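One structure is given below, encoded as structure tokens.
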Amino acid sequence: MKQYTFPYGRGVQTVVLPEDHVAYELKGTGAAPVADVTKAVQKALRRVYPKDALSERVAPYEKVVIVVSDGMRMVYTPQMLDAVIGELHTIGVADEQITLLVALGTHRPATKRELTEICGSWANRLRVVQHDCRDKTQLAYVGTTPEGNAVYLNRLAVEADKVILTGGISFHDMAGFSGGRKAVLPGLAGYDTIMRNHALALNAEDIGGRNRCCDAARLEGNPMHEDMVEGTLFIEPDFMVNTVLGADGAVIDVVAGHWLTDWQDGCRLLLAADSVAIPQKADVTIASAGGYPKDINFYQATKAHMNAVFATKPGGIMILVMECPDISEPPEFAKAFGRRDTSAAEQDLRQHFTIGAFSAYKTQEIIESMRAVFVVTERKNFDIMKQSGQIPVESLEEAWQAANAILAEDGKEDYTIALMPYAASTLPVIKKTREEIEYDIE
């Protein structure tokens, strides 16, 4: 027997397991984190081709908008800002020419304390504006994509002399990868634009169901990603800096330069670091979203479901570790679990698509494909977890004992266990080689 530890909020949950049944523990390939993130960003800025360098892209007299991620994503924005703004100062751009634009997408506004966490000391020094996707006075129409998506973007970014994107690259369960173009669409887009984009994750009605190209690590043939690119082309950002985030959330590399091609290089770096080849799927997968902020709410934490399913046999058992203190955000996600019929949920989505409802629909599909899904969470979350068809418990040890009872009931003595302590950021790969997945990034 051996004790294993899983992130849970700002703490941990532990469980004692029969070591001989643990088939593998997925933590990525163990890429070493950078020692100093700010210096790594500065180094990335120096690696940029001369024609794409900030000094060639920004003039001293121009107004600059720097797009930053919101508090739901810990991407080391303060360190990126330290390096980028330092470079802008060297060029001759003054503080009053710089605006920090928080790319909230459909997320709630950040509190004053959260803004300090997001932007560091720059929150009190520079102008900071939070994007509101529902405030039409903030939006400007920029064009319509080939998919027929009328794109409305934040007017500050549209009218700025220069736009610099920041963000972090990790696996995304619908868009393939986060970062890059996602800072613009959905980050700075209007609500209807965002919904039209995300609705591309559904197949045409005559086919039905989800579009399987809209999944983690998949860019080729992913209509949602392609629409994001088309939307971003309307403003053609001038520069991009993205951290590449390892499975545990640490920065393993930094990419800078062109918002699309250099971002794709970052996706390849992530793929090499955190896609893990597995010999077979397991009977039981124990997975954590990765702790705070990845499990700040159920909506964010379901990224663990999205990746853990790739390691679990159909009809298997999943145990998810997620604290979810902010369980009711966003409201449409929590409410979507009131009905258990996924076919009816799909029809509802086609009538009125929301991101929260789609994520609930996809999560529901995963839950229904399993023999049992246990969720280690706070007691106040039990009702919502039960509505989703999961079995809530307060400790990981309690979840394992219940799962072990099911294994005994089913007569499974030679069972296997997969461990994913950072499931939201780790991609199990069994059906494709890394080379095949890399082709998907082109």
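The values are calculated or read from the model by the stated rules, or taken from the named source; none is laboratory data. What you see is a predicted model, and the numbers here were worked out from it, not measured in a lab. Virtual Cβ from ideal backbone geometry, glycine too; neighbours counted across all protein chains shown. Protein only, heavy atoms only, side chains kept; ligands, DNA and RNA dropped before computing areas. Shrake-Rupley method; radii C 1.70, N 1.55, O 1.52, S 1.80 Å.
Values computed for the structure shown
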| quantity | calculated |
| --- | --- |
| Most to least packed among 100-111, 9-20, 83-94 [average Cβ atoms within 10 Å] | 100-111, 83-94, 9-20 |
| Accessible surface of the range 218-316 [probe 1.4 Å, protein heavy atoms]: carbon and sulfur percent | 53 percent |
| Solvent-free Debye scattering, log10 I(q)/I(0), computed from the Cα coordinates of the range 305-376 at q = 0.16, 0.20, 0.22 Å⁻¹ | -0.60, -0.91, -1.05 |
| Relative contact order, percent, the chain [alpha-carbon distance under 8 Å, six or more residues apart] | 20 percent |
| Label-point gap, in nm, between Lys412 and Thr137 - each point 7 angstrom along Cα→Cβ | 5.7 nm |
| Share, in percent, of DSSP beta bridges within the chain that are antiparallel, nearest 5 | 35 percent |
| Estimated distance in nm for a label pair at Gln347 and Ala272, the labels positioned 7 Å out from Cα along Cα-to-Cβ | 5.0 nm |
| Sorted peptide list for 397-410, 164-177, criterion being average Cβ within 10 angstrom, highest first | 164-177, 397-410 |
| Cβ-based charge dipole, the range 303-383, positive-most Cα from Phe358, Val373, Thr342 | Val373 |
| Value in Å of the Kirkwood radius, where the chain supplies the Cα pairs that are averaged | 22.2 Å |
| Amide H contacts of Val276 (H built 1.01 Å from N, under 5 Å, at least 5 apart or other chain) | Leu427, Val429 |
| Which listed pairs, of Lys335/Lys380; Lys112/Lys136; Lys335/Lys362, have C-alpha distances above 18 Å, in listed order | Lys112/Lys136 |
| The range 310-402 - charge dipole about Cα centre, Lys and Arg +1 at Cβ, Asp and Glu -1, debye rounded to 20 | 300 debye |
| Mean residue ellipticity (222 nm) of the chain, computed from DSSP H runs ≥ 4 via -39,500 (n - 2.57), nearest 500 | -9000 deg cm²/dmol |
| Percent carbon-and-sulfur accessible area, the range 55-112, ignoring ligands, DNA and RNA, probe 1.4 Å | 51 percent |
| Mean Cβ count within 10 Å, highest first, over the residues of peptides 215-221, 304-310 | 304-310, 215-221 |
| Reachable lysines, given that their alpha-carbon falls under 23 Å from the alpha-carbon of Lys51 and they are not under 8 places away in the same chain | Lys39, Lys43, Lys63, Lys162 |
| Rounded accessible area per residue of the chain, 1.4 Å, Å² | 40 Å² |
| Per-residue ³J(HN,Hα) for the range 103-108, Karplus 6.51 cos²θ - 1.76 cosθ + 1.60, θ = phi - 60°, Hz, x for Gly and Pro | 7, 7, x, 9, 6, 5 |
| Calculated on alpha-carbon atoms, Rg and Dmax of the range 186-339 in Å | 17.4, 48 |
| Normalised contact order of the range 83-165, rounded percent, pairs of Cα under 8 Å and 6 or more residues apart | 23 percent |
| Dipole magnitude of the chain about its Cα centre (Cβ charges: Lys, Arg +1; Asp, Glu -1), debye to nearest 20 | 580 debye |
| Base-10 log of normalised Debye intensity for the range 170-217 (one unit scatterer per alpha-carbon) at q = 0.20, 0.26, 0.29, 0.30 Å⁻¹ | -0.71, -0.99, -1.07, -1.09 |
